[in-house]
Structure formats: structure tokens, C-alpha cells
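Engineer: The structure that follows is given in the form of C-alpha cells.
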Amino acid sequence: MTTDKNQNPEQIVRDKIDQMLIDAGWIVQSKKDVDLGESNGVALREYQAEAKFADYVLFVDRNPVGIIEAKREDEGYKLTVAEDQALEYSKAKLKYLDNNPFL
């Protein structure tokens, strides 16, 4: 995978995550082109979760099963800082879905 030198660190990380998801068999979609029936496993970028956007929401058979929060590579070593954000997402309702929060 090649990256553009003009990309910001967040976009570089998202490109890497996209490729890892694709390599693992997920279909990666943008919020503009949603088709949860395209595959059993769909990773949807920038999905509205209550007051914030989740970087990725993972769907299996059209059901939300997880959220991926993209962080710059240098932030990956400080995962405890993201614990509050992860907890918030786990309790969030996803817009456009009548889902139960993850917890």
C-alpha cells in the first residue's frame, strides 16, 4: 500500500486500517455508499453514534458488532487515554438503527 506524502497522520492510519480490514475479508464502505447487504462483514467508515462519529462500525449480517477508533500511530502506545472514549461508544445508540448499545 502506498501513501501520499501530503496525507495527514489520521488519513494515513485510516488507509492502513482500511487495508487491514480488506485483507481480513471485510467490505469497507463510506457512509455515503451504505449497502449492509453487500457482504456478511461490512466495516462502515464515519458512522454517527449519538453525538460523535465512530471511525468504523463493524456489521455482521447487518447487525452492529463492534467499533474501531482510529488513532495516529504515535497515539497507539497511549491506549488507556482512549478508554473513556471506548466506553462512551459501547453505550451509544447508532443513528439510523434501532440498536441496543454494545454494553
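Engineer: Report the far tail of the P(r) of segment 9-90, meaning the percent of Cα-Cα pairs longer than 15 Å.
Structural biologist: 58
Engineer: Apply the Karplus curve 6.51 cos²θ - 1.76 cosθ + 1.60, θ = phi - 60°, to the phi angles in segment 28-33 and return the couplings in whole Hz, x for Gly and Pro.
Structural biologist: Calculated HN-Hα couplings, in order: 9, 10, 8, 5, 7, 10 Hz.
Engineer: Count charges around Gln85 for me, please; just the other residues with Cβ under 10 Å from its Cβ, Lys/Arg as +1, Asp/Glu as -1.
Structural biologist: Once all neighbours under 10 Å are counted, the net charge is -2.
Values quoted throughout were computed directly from the atomic coordinates according to the rules given, and no laboratory measurement underlies them. Everything numeric in this text was worked out from a predicted model, so none of it was measured. FYI the Cβ positions are ideal-geometry reconstructions off the backbone, even for glycines, and counts take in every protein chain you see.
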